[in-house]
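The values are calculated or read from the model by the stated rules, or taken from the named source; none is laboratory data. Source: prediction; values computed, not measured. Don't worry about glycine lacking a Cβ; one is built from the backbone with ideal geometry, like all the others, and counts go over all protein chains shown.
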């Protein structure tokens, strides 16, 4: 009989061997299920790379595994929440190994995780489902996002599974890849144009690792505004407030990861505040791609090509200081045309998609 168990998440990869082994098995299942859909092993993260992102005390991750009768881990689930009082939302993730799909394993795990969400009074659930779809699509055989941008094939297992459980399809993220080395003449031309548009009122800063104390408050604000200013379609979430204490603790966990965080930020000189930032996770293994994560320009500072400025300086910095990586990978909402314009102009090409689903109780 299949059974669901909750894992005791290790605090480090040198923690209790049993906890670490169970976590490695959990990651292996998650990765196997993802690459079976996307065919993109370059998107996968190792256990050592994933663990630091699961240890935020204000956004705890609970991990679950489904074990087969022989003790093999055949499914991996995650239940993520925020600890702020009155927070209504949660995130649920489910992955089943390809050879154990269509046996009721996903249903068993989904029933378990959704029951936790109900018991905790969470009324807005979200999940992210990888899809084989590459690029925009429309017409028969596709489920169109209500944003009007992007679609997923109706015959995909995840689409049928989520629709059948009452989840609503809400948005598509495009997965894009920039092969390195980039076209340096193009990068330099775009940098010159962006610098001219930004003018003397904006100045760029970059650093590796933890945020310098002088910028901690601003970076915490930018993380907070990621929860309100980034495109969410009609699935808006409550503000996720970051404090400097939360930022410092989060970055202390990242410091133990085999990825180094590069932050590029742009300062509004007259006010001395950071108007935007982008962060790139640089793997210590040079054979792995660089992942460009949070990227945001505050609404009140848009219109000065600051997104372009952050993007091209990030590329230049990677190629100058971390040369040899094969590519940069990034995720962007399909309706986020300003950011997609930047990506396409510099040479990013779509290689996959991710569907975002919601259920409100």
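For segment 167-175, check the following and say yes or no: at least one residue is loosely packed, with under 15 Cβ neighbours inside 10 Å and more than 19 Å from residue 92 (Cα to Cα).
No - not one qualifying residue is present in segment 167-175.
Consider only pairs whose beta carbons are under 6 Å apart and that are at least six residues apart or on different chains; among these, list those whose first residue lies in segment 188-215 and is in a loop (DSSP other than H, G, I, E, B) and whose second residue is surrounded by 13 or more Cβ atoms within 10 Å (Cβ to Cβ).
Pairs that qualify, where the first residue is in a loop (DSSP other than H, G, I, E, B) and the partner is surrounded by 13 or more Cβ atoms within 10 Å (Cβ to Cβ), are 210/251; 211/219.
Sort through 152, 134 and tell me the only one that's buried (at least 20 other Cβ atoms within 10 Å of the Cβ) and either over 27 Å from residue 352 (Cβ atoms) or within 20 Å of the chain's Cα centre (by Cα) (or both).
Exactly one residue qualifies, and that residue is 152.
Exactly one of these conditions fails for residue 361: (1) farther than 24 Å from residue 242 by Cα; (2) out of contact with any helix residue (DSSP H, G or I) (no Cβ under 8 Å at 6 or more places or on another chain); (3) surrounded by fewer than 18 Cβ atoms within 10 Å (Cβ to Cβ). Give me its number.
Every condition holds for residue 361 apart from (2).
Can you tell which of 194, 214, 198, 157 is surrounded by fewer than 18 Cβ atoms within 10 Å (Cβ to Cβ) and within 23 Å of residue 301 (Cβ to Cβ)?
214
Filtering segment 320-334 down to residues that are outside any strand (DSSP E or B) and buried (at least 18 other Cβ atoms within 10 Å of the Cβ), which residue is nearest to the chain's Cα centre (by Cα)?
Ranking the candidates gives 334 first.
Go through 71, 86, 104 for me and flag whichever is surrounded by fewer than 20 Cβ atoms within 10 Å (Cβ to Cβ), under 28 Å from residue 237 (Cα atoms) and either modelled with pLDDT under 95 or out of contact with any helix residue (DSSP H, G or I) (no Cβ under 7 Å at 6 or more places or on another chain) (or both).
Among 71, 86, 104, only 86 is surrounded by fewer than 20 Cβ atoms within 10 Å (Cβ to Cβ), under 28 Å from residue 237 (Cα atoms) and either modelled with pLDDT under 95 or out of contact with any helix residue (DSSP H, G or I) (no Cβ under 7 Å at 6 or more places or on another chain) (or both).
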